[in-house]
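Since the structure comes first, as structure tokens, the remarks are kept for the end.
The values are calculated or read from the model by the stated rules, or taken from the named source; none is laboratory data. Predicted model, so just to flag it, every value in this text is computed and none were measured. Note that each Cβ is placed from the backbone with ideal geometry, even for glycine, and that neighbours are counted across all protein chains shown. These accessible areas exclude ligands, DNA and RNA; they are computed on the full protein's heavy atoms, side chains included. Shrake-Rupley method; radii C 1.70, N 1.55, O 1.52, S 1.80 Å.
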Amino acid sequence: MPDIDVRINGIRYQDHVEPRLLLVHYLRDRLGLTGTNVGCDTSNCGACTVLVDGTGAKSCTMLAVQADGTEITTIQGLAGGEGAGAPEDWHPLQKAFNAEHGLQCGYCTPGMIMSSVDLLQRNPDPTEDEIRHGLEGNLCRCTGYQNIVKAVQAAAGELRAAGAPGAVVGGQS
Amino acid sequence: MSKIDPEEIVEEIEESGQLGHPDHHVPLVGQAPRRKEDARLVTGQTNWTDNIQIPGLLHAAVLRSPMAHARITSIDVSAAREQPGVIAAFTGADLQHHWAGGLPCAWPVTPDMKQPVHLPLAVDTVRYVGDAVAVVVARDRYAAADALESIDVEYEPLPAVIDLEEALTDATLVHEDQGTNRAFDWPFEAGEVDATFDAAEVVVKRRYFQQRLIPAAMEPRAVVVAPIAAADEYTVYSATQIPHILRVMLALVTGIPEQKLRVVAPDVGGGFGSKLNVYAEEAMALILAKVLGRPIKWTESRSEGFQATIHGRGQIQDVEIAATRDGRVTGLKVQLLADMGAYLQLVTPGVPILGAFMFPGIYKFDAYRFGCTGVFTTMTPTDAYRGAGRPEATFAIERIMDDLATELGMDPIELRRRNWIEHHEFPFDTICGLTYDSGNYEAATDRALELFDYDGLRREQAERRERGDRVQLGLGTSTFTEMCGLAPSRVLGSLSYGAGGWEAASIRMLPTGKVEVVTGSTPHGQGHETAWSQIAADALGVPFEDVEVLHGDTAVAPKGMDTYGSRSLTVGGIAVVKAAEKVIEKARRVAAHLLEADERDLDFAQGTFSVRGSPEASKTIQEVSLAVFAAHDLPDGMEPSIDADSVFDPENFSFPHGTHLCAVEVDTETGFTRIHRYVCVDDVGNVVNPQIVEGQVHGGLAQGIAQALYEEAVYDPEGNLTSGTFVDYLVPGAPDLPAFVTDRTVSPSTTNPLGVKGVGEAGTIASTPAVINAVIDALKPLGVTDMRMPASPERVWRAIQEANASGGSAGQAATGTTTLTAQAGPEASA
């Protein structure tokens, strides 16, 4: 079995993995990082989105071996380090999803937030239309997306005001 | 070891300021405090069923039939048993003796309903693509999936039964032992129906189609069973809406005594009715854990879920409406064919029967005939999907009101005004025997028209038509009501449903003054933890943060009827109110004792008992909690507890309503439809949390619009589900939906003390006809008069071409319907 050396949420892991092991199963089943969810088996729903070297990626569509040498951030590392910390330490997107009611059941939320991080890194001041298209790879069945759009807008404003769009994640942008 | 002095602890707690003080409680009902649920959900610390790890956990994988209908002539799992990491493999025959009963249908709608036995694993015949035929248990999910490849099954194909009308010829029987594909006939009639239609000046007759839909909650189903096999005790974790019902039913299916089963619904990622069921895999996992003595996990893949989780809708609706020339509706006839699929699941037959009561909608007339035939087919079983019978009914009545308006040359809103129940007529007894509690259709409609700028859009429509624009504008209306708060137990009994409609709540007052609210209503995205905290905090006068809501575990919340049918707040929320009232009454007795006052002289406000006339003599309810815990000084004979249980059984349903207006732009060259403006004004009575209510409306709209424009479970003639992934089954993404304009009017329900009505399904029920009415309105000048759903670009384009080809009057044929224009009255319509 191949070896991988990967940094996830700031922690370095060295592991033997089956070549066919999906990254999302490596995260969930091997490392117990169950914050990242699986919602489909066709790369449509985006529930499993993480950041690989700072860029959004569907972790059900990557093999664990492809993550060798990369730096990965999952929803569980977004607020910095392992664990989530208190609400005041959350990432502006986490705060905004809560404030704007951008989630109901919450299953799509980790992927939706990670995709939004990616979106705001590329476009710190998106229009409503740009947000909707920017998140088209992430399905939500509960919210009708309206409050997700509001949350992303609110977080974008917050990040711009802080003068550090996207720079908060994994040292990448 | 230091000595523990209880008095010291009591003093410490008292001095800590945790026990509340007067005048600090700001009412929370009607506010939108941030959701308590979100902390774990936005940080990834959620406990989904698939997250559960237990030492020794094994993984199950299910082999499914690739054929819609076939006899299993041979099946061999021996090679699978030899695969690395495989612990066991079973066929249907291997497990057959473990079933004490088949998977349940709790709603025998008629005494003679055909109820075929539904074993979790098929034994000799498969009846839909996805029917389970074998199960493998292995050390991990990859090994289990691999081993499925080694199972050898031979099938003798039988004809698929896909078409509802063809099914009723019984040429091919889905269940040979039943002798017919007709599951039941359920009739209802009120008033002089034949006479009304004979005398009608205008009759419009239509056939509408409700396509099959796939609920597609974002969390796939999953189940984990942790056994103590030696003691025959099991904990079942399931991604379910109904842990309490599941517990009873699993006891019946497996024969394991109910008291030996604990069912837990951990965090559940959406349901929409799809997790309101008792599934083969839940029963299988339980029996596998029993047989193997090891914990078992099964998690559905999405592709598997498309086939093996219930579908929704699936009806052919023949609808006739009678009216006078000046637009007064006099009667309605509805005949349904309802697609049951291959088996009757938990409430499959009851779904169209719930709908029976809603076809009259918000309108007054005196003659109504309804009939429904349930039909077996070789497709995935259907069951409740968001709205469950009510979206179908609302679609039919709101579509035919528009068709009647067209027939009469009348504005569709004016036609509705002439027929709806006016606000001063509530409570109103309907032709179906329901009593609508309250409403104001005039107010909701007026507000919606204003927000929508109906007149302005009509002008724009006329201009575009005059210019012959490629992109035409269409306006659609839906003025709906629905029945929520399922349900008065005696009504359910009269409809032959197998259980009651009550809900339970308990309130536990903790020594430190904190409060636990235990609810039998199990949430999966609705925000019970927040809303119930608001209700309990207000009722008891304690801080929102001091309330913890417990749910979803039969060991923690032993009594419940669970979450479906927009019932949580109107039934479960009221149970919380009633439990709080009991707590206060018990606490009053203690407070009176401590204050040396008469109970009758105590006021309770802001969480504080005070002696009338001397307000400085007071005790907060949180102080009383501590006093009761210590139990040093209680009234004579009083047991040391002010905790309380309540079970609330509603006297009536509640009837939310609203007016939804949709404007679509239809590209007449490509058939592409885009929602231009969507306005809805819903009246869901009083509101506990406006942000949650708005979220429910948004999500409901998304699903209703999806039925109108995007989603359809498509089967080919051989019975293969050809829309079996998110690639083919178009759950809308963010760019596919507009920003909605929402508003509310408030007609408090008169059937419960909070005046609340329920909101979970409203958007879905209302929006589908609004969108389709708008699409047809856009294409009316081109001769299109009907539109099958979903109104995909191809369907719309074809409808336009057909209408063109037949000189602008053949929209029906174009969309495959067989609608007849009414000619029934003595003054046949032109």
field: Condition met for B:Ser568 (polar (S, T, N, Q) and crowded, with 24+ Cβ neighbours inside 10 Å)
entry: yes
statement: The helices (runs of 4 or more DSSP H) lying wholly within segment A:71-173 that contain at least 1 residues that are at pLDDT 95 or above and surrounded by fewer than 17 Cβ atoms within 10 Å (Cβ to Cβ) are A:109-122, A:128-134, A:146-162
message: Can you confirm whether B:Arg744 is within 17 Å of A:His101 (Cβ to Cβ), surrounded by fewer than 24 Cβ atoms within 10 Å (Cβ to Cβ), modelled with pLDDT of 95 or more and charged (D, E, K, R)?
response: yes
field: In segment B:703-729, the residues that are open to solvent by 10 Å² or more (accessible area, probe 1.4 Å) and at the interface with chain A (Cβ under 10 Å from one of its Cβ atoms)
entry: B:Gly724, B:Thr725, B:Phe726, B:Val727, B:Asp728
- prompt: Any residue in segment B:370-387 that is out of contact with any Lys or Arg (no Cβ under 7 Å at 6 or more places or on another chain), of a type in the set (A, V, I, L, M), outside any loop (DSSP other than H, G, I, E, B) and open to solvent by less than 10 Å² (accessible area, probe 1.4 Å)?
  reply: no
- prompt: Listed residues B:Ala70, B:Ala89, B:Ala60; which is out of contact with any Gly (no Cβ under 9 Å at 6 or more places or on another chain) and either under 19 Å from B:Thr378 (Cβ atoms) or free of Cβ contacts under 8 Å to residues at least 12 places away in the same chain (or both)?
  reply: B:Ala70
- request: Find the residue count for segment B:553-591, including only residues that are part of a loop (DSSP other than H, G, I, E, B) and closer than 25 Å to B:Gly350 by Cα.
  value: 9
task: Report, by residue number, each residue of segment A:110-146 that is β-branched (Val, Ile, Thr) and either more than 10 Å from chain B (Cβ to nearest Cβ) or touching a residue at least 24 places away in the same chain (Cβ under 8 Å) (or both).
output: A:Ile113, A:Val117, A:Thr127, A:Thr143
message: Here is a list: B:Ala555, B:Ala587, B:Ala592. Which entry is at pLDDT 95 or above and closer than 30 Å to B:Ala251 by Cβ?
response: B:Ala555
- prompt: Can you tell me how many residues in segment A:65-79 are within 12 Å of chain B (Cβ to nearest Cβ) and touching a residue at least 24 places away in the same chain (Cβ under 8 Å)?
  reply: 6
- request: Residues being farther than 16 Å from B:Ile675 by Cα and outside any helix (DSSP H, G or I): count how many of those fall in segment B:687-729.
  value: 21
query: Among the candidates B:Glu201, B:Glu166, which residue alone is under 27 Å from B:Val714 (Cβ atoms) and of a type outside the set (A, V, I, L, M, F, W, C)?
result: B:Glu166
- request: State whether the residues of segment B:139-158 include one that is farther than 18 Å from B:Thr378 by Cβ, buried (at least 22 other Cβ atoms within 10 Å of the Cβ) and either assigned by TED's automatic domain parsing to the domain that holds B:Gln53 or modelled with pLDDT under 95 (or both).
  value: yes
Residues of segment B:747-762 satisfying the condition of being assigned to a loop (DSSP other than H, G, I, E, B) and either more than 14 Å from chain A (Cβ to nearest Cβ) or open to solvent by 40 Å² or more (accessible area, probe 1.4 Å) (or both): B:Ser747, B:Pro748, B:Ser749, B:Thr750, B:Thr751, B:Asn752, B:Pro753, B:Leu754, B:Gly755, B:Lys757, B:Gly758
- prompt: With respect to the numbered conditions (1) open to solvent by 30 Å² or more (accessible area, probe 1.4 Å); (2) free of Cβ contacts under 8 Å to residues at least 40 places away in the same chain, which one is the sole condition not fulfilled by A:Thr34?
  reply: (1)
- request: Considering only segment A:3-21, state which residues are within 14 Å of another protein chain (Cβ to nearest Cβ) and open to solvent by less than 50 Å² (accessible area, probe 1.4 Å).
  value: A:Ile8, A:Asn9, A:Val17, A:Leu21
field: Residue ID - surrounded by the most Cβ atoms within 10 Å (Cβ to Cβ), chosen from residues in segment B:388-419 that are out of contact with any helix residue (DSSP H, G or I) (no Cβ under 9 Å at 6 or more places or on another chain) and in a helix (DSSP H, G or I)
entry: B:Ile400
field: Hits in segment B:123-143 (condition: within 14 Å of chain A (Cβ to nearest Cβ), in contact (Cβ under 8 Å) with a residue 12 or more places away in the chain and more than 15 Å from B:Leu292 (Cα to Cα))
entry: B:Asp140, B:Arg141, B:Ala143
